[in-house]
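One structure is given below, encoded as structure tokens.
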Amino acid sequence: METTLSGYDSRQMYGFLPSDTKGVDLLAQLALDMRWSWNHAADSIWQQIDPEIWELTHNPWIVLQSVSKEKLEKTLKEPGFLEEVQTLWESKVRFHKEEAWFQKYHSDSPLSCVAYFSMEYMLDEALPIYAGGLGNVAGDQLKAASDLGIPLVAVGLFYQQGYFRQSIDENGKQQAYFPHTDPGQVPIIPLRKENGEWLRLKIEMDGNTIWLRTWQVQVGRVRLYLMDSNDPANFPMHRCITNELYGGGPENRIRQEIILGIGGWRLLRAIGHHPEVCHLNEGHAAFLVLERARDLMNAYQLTFEEALATGRAGNLFTTHTAVPAGFDHFSPELLRQYLGEYVSNHLQIDFSRFLALGKLNTENASGHFNMAYLAIRGSGAVNGVSRLHGEVSRRLFSKLFPRFPFHEIPIGHVTNGVHMPSWDSKRADKVWTQACGKDRWRGQQENLHAFMKGVPHETLWNMRRKARSQLVTFIRSRLEREKRLGNPFPHYPETAAEIFNPDTLTLGFARRFVPYKRTNLLLHQPQRLAKLLTDADKPLQLVISGKAHPYDDTGNKLIRQWLQFIEDYNLQRQLVFLSDYDMSVAEKMVQGVDVWLNTPRRPWEASGTSGMKVLVNGGLNLSVLDGWWAEAYSPEVGWALGDGQEHGEDPAWDARDAEALYDLLEFQVIPEFYDRNQDNLPEKWLEKIRSSISELTPRFSANRTVREYTEQYYLPAAEQFLKRTGKDGESGREILKKISALNTYGQGIHFNEVHVERSDHKLLFTAYVTHRGIPAKDLSVEVFAEGLNGSLPEQHAMKAVSENGNGSTVFTAEIKTGRQEGDFTPRVRGNFPDVLPLEHEWIIWAR
Ligand SMILES: *Cc1c(COP(=O)(O)O)cnc(C)c1O
């Protein structure tokens, strides 16, 4: 569906605009396009309309909703104002239409629409429908998709209590608040049908019909559709299903996931979208594969199995979890209660067949249903979110692929990246623009690296000094403001100017307070930390932020421990805990700190993104070799903690890591920062910044991530999907027949005999293989050896040398090698071009 650019009028809104003076409609369109969260061209007009509200919210839509009629009309009459609005509006329209990366490089591809499904989106604090990392990834990818012109729509839920907000009480305890989000005050509007009616969807669950309201959010060129159940026609119980993100128990979770997956697909269909590709950002949306299959059943008269096979070619599942407990599970009873009728009436399969889709052992009907298994069995491709996490995921899911060598488990990776224009400071933006031009995040990123390498030391250092000083100003005013709430803990000095120093080395870390993040690693030896912070010559200052789950005692204690440390050691001038970590706090922190700290337990951090946000700003990373840092780190770009191995929850190892962290800070980080040349520049430090900013920023940008998703996953998936829906769905049916033949006969293949002869540096393998039901040309027979010392495996194709009619063939291969014959094993796989690696259930080994 075309992005409509004209015709917003107050009937389409949720609330009313204060005035219908000329220009207000254009302002409304600008305020409703969340591109303002990364493009600041219009900031000055919002500030002009209402400086106070702008300062407090940085949300144009609120400015427009709260300003008085008189003030708005007066501003519009000021000289040049309306013209400026007009110009901004025109540039927005141009941006929506112009040729971008996708149109330039892939205009001939069959991909017309990707649908992105996620439980949370972090686009801006103005739309609080996020909790953390997962939402960050989703939000930043939508923005990059807009920059690149990817034809993408997104689906999510609109939570009116979103995620909780935090304050610290006078005893240093976290208090959680759930302010209500008024839909009229967030930059979303009801999703209207052509005739102006608000689109409402119906969904059946647990014997009830539930109405869903629908909304739309404009994110540059990309549109995000949201659903909520707070429709007055519903029972109160059902109106609250979408109140909170990750709130309630398993029963509410399954309801939310049914809405996201099944409701989400219906929403797209109701407004006329036909996505070839669905991207499941985590397993929460996995029910989508069922509804997509159901739709295909109806469209092409397919059975459920045919439809599932057809649809899966167009689904991509991205997993973000590094531990088995991270996957959503549901009990069979709960599933029967919520999906029993749907499965028998709509999917028309036995409930046991349905349950098998979420089980490891498809024969065992008891035990929990794993949403990640459903997602894998309903997708044509699966990926983790960093190189290391790809490996971790292959390990986590290896039981689904028995007999596959580890490297060949068909789970890849696309390393996350962040949307640089959303996280750079104004100053950094200027430096980058001078070096690389304005459109640097919208193309292939060629040469960015070389351009940034050439930026002079002075420019980089001035940028850093300015950024640090702005962070200090922000921290002081934030603490001032918090003080007005009462008597916060710890007790900060009377004059805010005593807090922090704009020239002091500044460290930051912010994250959820959960044990695996080891947020308190730095507190292992409190005295040692206090000493570093208060050193007279080479001082350090530290800013911390983050929330603990409201009901998680351990996390709450971890926060409290930091606050108590500040109070006990009287460190209020050097160490600050900023409450209510959200996007705006994160932004200030990643722009201002010199070093970003991250200390998770390897390999629990699937990727991590906050450290990537400092790159564009010239911040450096000091982190455990986990997630993205495991592939980004080299001594030229930052500091690494730990030995790159896994040590579980061993307290002795934590103590060693803590010791190593203090040593790194004391003997490397701090001295390097204060080691100045005659111009008072820290040369070694600046070299690190130069390498980090130029080499890592492009690599860990969402631009690179989204291009990779597009080229490696979306485009091939679109092709495969369209192939399967070809001939009115008949092709999908034929491919399913091939898959069934492959998997039925494949299991019966066996090696009768294998001979090996050695001569000089050669091994000659001869294998006698029986393969009833599959001709030799459809087999790929090879000799396989695991790689040595962690390198990739070796594979040598075997040739059919004689085939006798009844399905038995002799294969041979000659291999030049110095390795032992025992290292090599012949094996057989199918060689069916249209069958996806995930659909291939077996590998037959000679031994
Ligand atoms: C970046 C960000 C996150 C995610 O950070 P991780 O390092 O991936 O844990 C969470 N919350 C906010 C507000 C952020 O800005």
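On the stretch given as segment 259-296, residues that are in a helix (DSSP H, G or I) and under 21 Å from the mean Cα position of the chain (by Cα) total 10.
Take the residues in segment 183-208 that are under 21 Å from ARG255 (Cα atoms) and assigned to a loop (DSSP other than H, G, I, E, B), then tell me which one is most open to solvent (accessible area, probe 1.4 Å).
Per the criteria, the residue is GLY207.
Screening the candidates VAL392, VAL323 for the property of being farther than 29 Å from PRO275 by Cα, open to solvent by 10 Å² or more (accessible area, probe 1.4 Å) and not acidic (Asp, Glu) yields one hit, VAL323.
Does any residue of segment 73-93 turn out to be under 23 Å from TYR14 (Cβ atoms), touching a Pro at 6+ places or on another chain (Cβ under 9 Å), part of a helix (DSSP H, G or I) and not β-branched (Val, Ile, Thr)? So far as segment 73-93 goes, yes, one or more of its residues are under 23 Å from TYR14 (Cβ atoms), touching a Pro at 6+ places or on another chain (Cβ under 9 Å), part of a helix (DSSP H, G or I) and not β-branched (Val, Ile, Thr). Among residues of segment 117-130 being part of a strand (DSSP E or B) and within 15 Å of the ligand (Cβ to nearest atom), the one that is nearest to ALA548 (Cα to Cα) is ILE129. The residue that is least open to solvent (accessible area, probe 1.4 Å), among those in segment 76-93 that are closer than 14 Å to LEU26 by Cα and not hydrophobic (A, V, I, L, M, F, W, C), is LYS92. Only one of the numbered conditions (1) free of Cβ contacts under 8 Å to residues at least 40 places away in the same chain; (2) more than 22 Å from ARG476 (Cα to Cα); (3) open to solvent by 10 Å² or more (accessible area, probe 1.4 Å) is not met by ASN570, and that is (2). Residues of segment 17-28 that are open to solvent by less than 10 Å² (accessible area, probe 1.4 Å) and touching a residue at least 60 places away in the same chain (Cβ under 8 Å): GLY23 alone.
Among the residues of segment 639-663, write down those that are within 17 Å of LEU532 (Cβ to Cβ) and not charged (D, E, K, R). Passing the criteria: TRP639, LEU641, ALA658, ALA660, LEU661, TYR662. Entry remark, segment 413-435: residues being crowded, with 21+ Cβ neighbours inside 10 Å and not in a loop (DSSP other than H, G, I, E, B) number 9 in total.
Number of residues in segment 131-165 that are modelled with pLDDT under 95, within 15 Å of the ligand (Cβ to nearest atom) and either open to solvent by less than 10 Å² (accessible area, probe 1.4 Å) or in a loop (DSSP other than H, G, I, E, B) (or both) equals 5.
Entry remark, segment 224-251: residues being open to solvent by 10 Å² or more (accessible area, probe 1.4 Å), of a type in the set (Asp, Glu) and at pLDDT 95 or above number 1 in total. When ARG518, ARG528 are checked against the criterion of being open to solvent by 10 Å² or more (accessible area, probe 1.4 Å) and within 16 Å of the ligand (Cβ to nearest atom), a single residue qualifies: ARG518. Looking only at segment 580-605, residues that are within 13 Å of the ligand (Cβ to nearest atom) and of a type outside the set (A, V, I, L, M, F, W, C) come to 11 in all.
Among the helices (runs of 4 or more DSSP H) confined wholly to segment 623-736, which include 3 or more residues that are under 30 Å from GLN445 (Cα atoms) and touching a residue at least 24 places away in the same chain (Cβ under 8 Å)?
Working: elements: 629-632, 651-664, 670-674, 683-691, 702-708, 715-725.
In segment 623-736, 629-632, 683-691, 702-708, 715-725 are the helices (runs of 4 or more DSSP H) which contain 3 or more residues that are under 30 Å from GLN445 (Cα atoms) and touching a residue at least 24 places away in the same chain (Cβ under 8 Å).
The set of residues in segment 606-639 that are within 11 Å of the ligand (Cβ to nearest atom) and either farther than 21 Å from TYR662 by Cβ or in the same structural domain as TYR130 (by TED's automatic domain parsing) (or both) comprises ALA606, SER607, GLY608, THR609, SER610, MET612, LYS613, VAL614, GLY627, TRP628.
Filtering LYS483, LYS438, LYS426 for residues that are within 30 Å of SER44 (Cα to Cα), in contact with a His (Cβ under 9 Å, 6 or more places away or on another chain) and away from the ligand (no atom under 16 Å from the Cβ) leaves a single hit, LYS426.
The values are calculated or read from the model by the stated rules, or taken from the named source; none is laboratory data. What you see is a predicted model, and the numbers here were worked out from it, not measured in a lab. Reconstructed Cβ throughout: ideal geometry from the backbone, glycine too, with neighbour counts over all protein chains shown. Side chains included, ligands, DNA and RNA excluded: accessible areas come from the protein's heavy atoms. Shrake-Rupley method; radii C 1.70, N 1.55, O 1.52, S 1.80 Å.
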